[in-house]
Amino acid sequence: MESHRCRLRSFLSSLVICVTLWSEQSYGLFGQANRGPNIVLILTDDLDSAMGGLFVASPLCCPSRASILTGKYPHNHHVINNTLEGNCSSSAWQKSQEPQTFPALLKSFGGYQTFFAGKYLNQYGHSDAGGLQHVPPGWSYWVALEKNSKYYNYTLSVNGKAQKHGADYSRDYLTDVLANRSLEFLQYKSSYQPFFMMVSTPAPHSPWTAAPQYQDRFNDTKAPRDPNFNVHGKDKHWLIRQAKTPMSNSSVQFLDDAFRKRWQTLLSVDDLVEKIVKRLEVRGELENTYIFFTSDNGYHTGQFSLPLDKRQLYEFDIRVPLMVRGPNIKPNQTSQMPVANVDLGPTILDIAGYYVNKTKMDGMSFLPIMQGKMNSSSWRTDILVEYEGEGRNVSDPACPLLGPGVSECFPDCVCEDAYNNTYACVRTVAPSANLQYCEFDDNEVFVEVYNVTADPYQLNNIAKTIEQEVLEKMNHRLMMLQSCSGQTCRTPGVYDR
């Protein structure tokens, strides 16, 4: 059995650059090719891939998930944070964006059976936004978690009806429940229509509750001690500069414990992936199925003396795994062309035969990249990252010296977010440049620039030493992307040939 596992724990410690493509031997039945291909999207929660993988449009759950579903940047889908007031699963989101998500198009125009299981958006099920009775358009079968990630003691919306779960591992552990629901769908779905299945696991999001059989694993594992671990971000924006360096022993112990627990929860995701792949293989459907594995945003554990969270502009928060297998994808490929989570929807629609330019999506289909039909000169070089900080414009009583607006604070007044932790970045990956340029909407109008080739751990902000011409070009490109929509988001950038 072990030889067929997806080996996520090995993957987590490896370097994956932009897009990893894999293939497995499968034994299909004749006739499958006469219908559209099946598609499976497995979405984890807070799984980082600091030195490679997919870029995310925002390093926070709800805005990022909205970008996956709509194929749009946050300034176009208007989900700015994890709150209902920030448009997370709000009535406005439901009216303006949900009808145009890629699953809705797959079902309406592609004739796909669609299945969802797991975490949807952080405020899903809120009484002010339709409650659990609300089933978004586009889903034939709906098994959605109320609000944020949990492992026990949660409520599901099963096709609009509440189903409560307790704390019995055999019946209630959410990752396993999602696996079992997925297998039931594969068993009882129609064999005459293609299907799209999205499975959104709670792991490795807090509270990091591992299955009983995995709670003693990785006992000697610690968070990676990369060059940016527990160092002072002296040339970074004020929220990073305020972090205490070195971290207290209790903070280091806390983040190491969290790192181990996150890995433990992922072992159940291993099991889920294995079960889905084997069921597809037994049914003779694997060779006609694309499987995507990714996450909504990254996560940090100790970099720049930040104990743990996301919400920052650095590679560890905006890079996530992406692995894909499927028809006409050769095994063991790695592409260096930059893709973003706004590209997932267009790619899945392209696989289903839907003309992506008929949508208002900002992303691009990377199906030609996976099939070896695209070279770097034909692909865009720039990706936009946007984040609007969360926090009230008042001082935290525990940290008055930090001033107003901080939030997500740890002991020692290390705060992970603030209302003016608001920024936009253009991330450029081109043959002649590997840069990140970011501007903050704060009192300093702070700018951070990194040469990621020379400085992969983003230790040195070169905003004050880089050529003025480059700064001006990147500033102009950022302004263009912040106002883009649809096709204009896909136009050539500063470093395109």
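Summary of computed values
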| quantity | calculated |
| --- | --- |
| Test item: Cα-centred dipole of the range 38-374, Lys/Arg +1 and Asp/Glu -1 on Cβ, debye | 320 |
| Rounded tilt (10° steps) of 249-282 against the dominant C-alpha axis of the chain | 20 |
| Rounded, prolate or oblate (a/c below 1.5 giving rounded, otherwise prolate when a/b exceeds b/c) for the range 115-208 by Cα gyration tensor | oblate |
| Peptides ranked, highest mean first, by Cβ atoms within 10 Å: ranges 63-70, 195-202 | 63-70, 195-202 |
| Theoretical FRET efficiency, 1/(1+(r/R0)^6), r = Cβ-Cβ of Arg35 and Asn375, R0 25 Å, to 0.05 | 0.20 |
| Under 16 Å from Lys473, Cα to Cα: aspartates and glutamates that are on another chain or at least 8 residues apart | Asp382, Glu439, Glu448, Asp496 |
| Geometric extent, Cα atoms of the chain - Rg, Dmax (angstrom) | 21.7, 69 |
| Ranked by how many other beta carbons lie within 10 Å on average, peptides 346-356, 380-390, 216-226 from highest | 380-390, 346-356, 216-226 |
| Whole-Hz ³J(HN,Hα) from phi, Karplus 6.51 cos²θ - 1.76 cosθ + 1.60, for the range 456-467, glycine and proline x | x, 9, 6, 7, 10, 6, 9, 4, 8, 10, 6, 4 |
| Partners for Lys330 among aspartates and glutamates (Cα-Cα distance below 16 Å; same-chain residues under 8 apart left out) | Glu24, Glu287 |
| For the range 338-497, size of Cβ-based charge dipole, Lys and Arg +1, Asp and Glu -1, in debye | 980 |
| Taking the chain and dividing mean pair separation by its residue count, relative contact order in percent (alpha carbons under 8 Å, at least six apart) | 21 |
| Arg283 paired with Gln193, simple spin-label distance in nm, labels 7 Å along Cα-to-beta-carbon | 1.4 |
| Given Lys107/Lys150; Lys119/Lys150; Lys119/Lys222; Lys95/Lys360, the pairs whose alpha carbons are separated by over 19 Å | Lys107/Lys150; Lys119/Lys222 |
| Peptide ranges 99-105, 484-490, 428-434 listed from the most packed, as the mean C-beta count within 10 angstrom indicates | 99-105, 428-434, 484-490 |
| Residue-by-residue Karplus 3J(HN,Hα) for the range 145-151, coefficients 6.51, -1.76, 1.60, Hz, glycine and proline x | 6, 6, 6, 8, 4, 9, 10 |
| Charge dipole (debye, nearest 20) of the range 301-388; +1 at Cβ of Lys and Arg, -1 at Cβ of Asp and Glu | 400 |
| Residues whose placed amide H lies under 5 Å from that of Leu41, excluding near-sequence neighbours | Met197, Met198, Val199, Phe292 |
| Nearest-ten-degree value, helix 468-482 long axis tilted from longest Cα axis of the chain | 40 |
| Global form of the range 76-164, assessed from the alpha-carbon gyration tensor, a/c cut-off 1.5 | oblate |
| Förster radius 56 Å - calculated FRET efficiency between Thr155 and Asn460, Cβ distance, rounded to 0.05 | 0.75 |
| Leading residue at positive end of dipole, the range 374-497 (Cβ point charges), from Ile383, Phe440, Ser395 | Ile383 |
| For the chain, calculated [θ]222 nm from helices alone, where every DSSP H run of n ≥ 4 adds -39500 (n - 2.57) | -7000 deg cm²/dmol |
| Charge dipole of the chain about the Cα centre (unit charges at C-beta), most positive-ward option of Ala57, Met364, Ala179 | Ala179 |
| Distance between modelled label sites at Tyr169 and Ser248, nm, 7 Å Cα→Cβ extension | 3.3 |
| In degrees, nearest ten, helix 174-188 long axis to first principal axis of the chain (Cα) | 30 |
| Simple spin-label estimate for Arg392 and Ser108 in nanometres, 7 Å along Cα-Cβ | 4.0 |
| Contour excess over end-to-end distance, with Cα ends at Lys330 and Lys358 and 0.36 nm allotted per residue | 7.2 nm |
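No value in this document is a laboratory result; all are computed from the given coordinates. Fair warning: this is a prediction, and the values are worked out from it, not measured in the lab. Note: ideal-geometry Cβ built from the backbone for every residue, glycine included; neighbour counts use all protein chains shown.
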